[in-house]
Amino acid sequence: MKLAIYNLLVLLLIPVFLVRILLKSFSDIDYRINILNRFGYKFSTSVRKKRKIIWFHAVSLGEVIGSQNIIQLLLKEFDVVLTTTTPTGFRQAKELFNQDIMINYAPWDFHPSVKRFIDFYKPDALLIFETEIWPSMISLSSARKIPIYLLNGRLSEKSFNAYEWVSWLFKETIEKITYSFVQTANHKKRFIELGMSEQKIKIAGSVKFDLINLETVSSPDLLKLPYILAASTHYGEDEIMLNAYQKIQENIQVKLFICPRHPDRSLQIYNLATQMNLNVKLFSELSDNNYDVCIVDSIGLLTNLYANAEVAFVGGSLVKRGGHNLIEPAALETPILIGPYTYNFEEIVEKFVNSNACIVVNNQEQLFLSIQLLLTDKEASRNLSKNALKVVEMNKGSTHIQVSYIMEQLGERN
């Protein structure tokens, strides 16, 4: 009965979902491409090797990047069909895996749509990355005796409060998960409070500490001049960064790269910088060094940008968006600044803060002073970078733990 009520609500909201996709498609046409996937139709049929099939769900860009090592290891034994919900995640998956896996937009969590997906692929297991607790997806898989595994699970206090509010539905959903690997003790505690059995959950750390292969990082000529990087920024942070940069410019010759979390905001940031009388260019139009500010208007560049930056501010943290992953710049030995709002990565950030491996700034003035310090005091910059790399090295190994368990449980097709 509860699941029926939930599906009725989803059905009533589908027109809203469609309008939202239509509006977003004006800035990113890919929102409209493959829209039939959302209803459970027109799925990818490539790369079927008659092995067991794993349905791997990674909601967006960050999760696709974070799960790439797991997927590559699973491909040695299984076929993988990956679902994501955003164009940035979809494009990144295509770039990372090419034709090695089947990639689709996830069907909306409506019983008929999910059923069509399961009927089409007949997956042998469902692997959910981080925090994607969808009642229809999980309930239908469970009803088909498909084992369900939560990998790299995390549950921030904000997400916990949201799930707790609808615990009448999610408690039964969580109980259907076969086994869960979570990042920290706090995450484990929250999942248990929502209804997960303590015998079905294990703390394994974060696979994102295993992500970086430094040998793959190159240095394009356009990135060889000194620059500050503002990475994964959200609305409200760009203006703060641009104001701080104008003060930096008074005494230090350095460029600024802004890489918004959502590339469709690039023109908006470009116009803002222009209004502030800054010499600004889009990265896609960059051909020489005649600029002060560069707006990165495409994806897939962040690793190179981190690797060559003098200092990196990791966004989503000066505004209340919960922050973004700072493991990548740490592994690349880039000095890191973050804001105070990092609840999506609370335990990871705590490791860095306690190890003097990043600087927390609370406002524009602190951002300016911290950037100025790291640009002028090379010893302080080196110490911050070395400490961050040590944090990464000390927390590796989660990928092996989780993949080994999955392979042991699923084995090979007879």
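For the stretch 154-166, residues that are free of Cβ contacts under 8 Å to residues at least 40 places away in the same chain and either surrounded by 15 or more Cβ atoms within 10 Å (Cβ to Cβ) or closer than 17 Å to ILE128 by Cα (or both) total 4. For the stretch 352-359, the criterion of being farther than 22 Å from ASN395 by Cβ, in contact (Cβ under 8 Å) with a residue 12 or more places away in the chain and either surrounded by fewer than 23 Cβ atoms within 10 Å (Cβ to Cβ) or of a type in the set (Lys, Arg) (or both) is satisfied by no residue at all.
Taken together, the residues in the stretch 289-310 that are within 18 Å of CYS358 (Cβ to Cβ) and among the aliphatic types (A, V, I, L, M) amount to 4. For the stretch 294-308, the count of residues that are touching a residue at least 60 places away in the same chain (Cβ under 8 Å), over 22 Å from TYR227 (Cβ atoms) and surrounded by 16 or more Cβ atoms within 10 Å (Cβ to Cβ) is zero.
Scanning the stretch 309-349 for residues that are of a type in the set (Lys, Arg) and crowded, with 19+ Cβ neighbours inside 10 Å gives a single hit, ARG321. Applying the condition of being over 15 Å from the mean Cα position of the chain (by Cα) and among the small types (Gly, Ala, Ser) to the stretch 39-96 and asking which residue is farthest from HIS400 (Cα to Cα) yields GLY40.
Kindly evaluate ASN271 against the criterion of being at pLDDT 95 or above and either more than 20 Å from ILE371 (Cα to Cα) or among the aliphatic types (A, V, I, L, M) (or both). The answer is yes for ASN271. Return the residue satisfying two criteria in turn: it lies in the stretch 3-41 and is at pLDDT below 90, charged (D, E, K, R) and assigned to a helix (DSSP H, G or I), and of such residues it is surrounded by the fewest Cβ atoms within 10 Å (Cβ to Cβ). So the residue we want is ASP30. Of all residues in the stretch 348-357, one or more are within 26 Å of ASN161 (Cβ to Cβ) and under 18 Å from the mean Cα position of the chain (by Cα). Give me a count of the residues in the stretch 360-379 that are touching a residue at least 60 places away in the same chain (Cβ under 8 Å) and crowded, with 21+ Cβ neighbours inside 10 Å. Number of matching residues: 3.
With respect to (1) in a loop (DSSP other than H, G, I, E, B); (2) surrounded by 21 or more Cβ atoms within 10 Å (Cβ to Cβ), the lone exception for LEU242 is condition (1).
The rows are residues; the columns are (1) touching a Leu at 6+ places or on another chain (Cβ under 6 Å); (2) of a type outside the set (A, V, I, L, M); (3) farther than 22 Å from ASN344 by Cβ; (4) outside the structural domain of SER25 (by TED's automatic domain parsing).
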site	(1), (2), (3), (4)
LYS42	yes, yes, yes, no
LEU61	no, no, no, no
ASP119	no, yes, yes, no
PRO123	no, yes, yes, no
LEU127	yes, no, no, no
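Starting from the stretch 322-347, take each residue that is outside the structural domain of ASN362 (by TED's automatic domain parsing) and list its partners that are of a type outside the set (Ser, Thr, Tyr), counting only C-beta distances under 7 angstrom and pairs at least six apart or across chains. From the stretch 322-347, no pairs qualify.
Of all residues in the stretch 25-43, those satisfying the criterion of being free of Cβ contacts under 8 Å to residues at least 24 places away in the same chain and farther than 23 Å from SER298 by Cβ are LEU36, LYS42.
Given the options ILE228, ILE248, ILE258, name the one that is in the same structural domain as PHE368 (by TED's automatic domain parsing), among the aliphatic types (A, V, I, L, M), at pLDDT 95 or above and part of a helix (DSSP H, G or I). It is ILE248.
The values are calculated or read from the model by the stated rules, or taken from the named source; none is laboratory data. Quantities reported herein were computed from a predicted structural model and do not represent experimental measurements. Note that we place each Cβ from the backbone using ideal geometry, even for glycine, and neighbour counts take in every protein chain shown.
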